[in-house]
1. Provide Ile164, Ile108 in ascending order of the number of other Cβ atoms located within 10 Å of each residue's Cβ, fewest first.
2. In the structure displayed, which of Lys112/Lys150; Lys46/Lys150; Lys2/Lys163; Lys112/Lys151; Lys7/Lys150; Lys46/Lys151 lie more than 30 Å apart, Cα to Cα?
3. In region 91-165, what is the volume of the convex hull around the alpha carbon atoms, normalised per residue and reported in Å³?
4. Please list, in order along region 101-113, the HN-Hα scalar couplings obtained from phi with the Karplus expression 6.51 cos²θ - 1.76 cosθ + 1.60 (θ = phi - 60°), rounded to whole Hz, x for Gly and Pro.
5. Report the full-extension gain for the segment Lys2 to Glu105: residue separation times 0.36 nm, less the Cα-Cα distance, to one decimal in nm.
6. With unit charges on the beta carbon (Lys/Arg positive, Asp/Glu negative), name the residue among Gly50, Gly67, Gly115 whose Cα is farthest towards the positive pole of the charge dipole of the chain.
7. Would you mind checking which residues have amide H under 5 Å from Arg144's amide H? H placed 1.01 Å from N; only 5 or more apart, or other chain.
8. Rounded to the nearest 500, what is the chain's calculated 222 nm mean residue ellipticity when only DSSP H runs of at least 4 contribute -39500 (n - 2.57) each, over all residues?
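A short reminder: the numbers here are calculations on the coordinates, not readings from a lab. In this text, all values refer to a predicted model and were calculated from it rather than measured experimentally. Cβ placement follows ideal geometry from the backbone for every residue including glycine, while neighbour counts extend to all protein chains displayed.
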Amino acid sequence: MKIRFGKMAECDREAVIDLFNYYIENSFAAYPEETVPYGFFDQFLKLTEGYPTVAVRDEENRGRFVGFAFLRPIHPLRTFRRAAEITYFIEPGYTGRGIGSNILERMIGAAKRMGIDTILANVSSLNEASRRFHERHGFAECGRFRRVAKKKGEDLDAVWMQKIL
């Protein structure tokens, strides 16, 4: 499989939101309960201003969009600039193929170049696959907000995981 990584851009608006909406409707990986409009992409762009983003494409499948990722600040104060939060979503048919690991490796490299030495991931307690993925890649649970959200009638914790680079 030949995967291409590029910067997330305006041309990715619909693909990013379609994928995000898939996870909203079919999992606990994305927190919203209702799908979001394409205009929500502007919030992603604003959140990630000055931080690395990536759009992932399958070159063997005519450049098909298969995922996205970004880093963003964890706090607006510059005193927190050494840490960033990571977000990523991959098309279900493409998970388990090393794409997430490759994205994480790229994001870690970009983070280090920016002077970031801590990456945080906010994972739903009901998203066991994501928690296992992060643990396999050196993240450790560093905090848990119990029963702070409810989706599809189920209470969930926001689990914070940390990787010190």
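1. Ordered by Cβ neighbours within 10 Å, fewest first: Ile164, Ile108.
2. As for pairs spanning more than 30 Å Cα to Cα, those are Lys112/Lys150; Lys112/Lys151; Lys7/Lys150.
3. 99 Å³
4. Coupling constants for region 101-113: 4, 5, 4, 4, 4, 5, 5, 5, x, 5, 4, 4, 5 Hz.
5. 35.4 nm
6. Ranked along the dipole, the leading option is Gly115.
7. Trp160
8. The helix contribution divided over the chain gives -8500 deg cm²/dmol.
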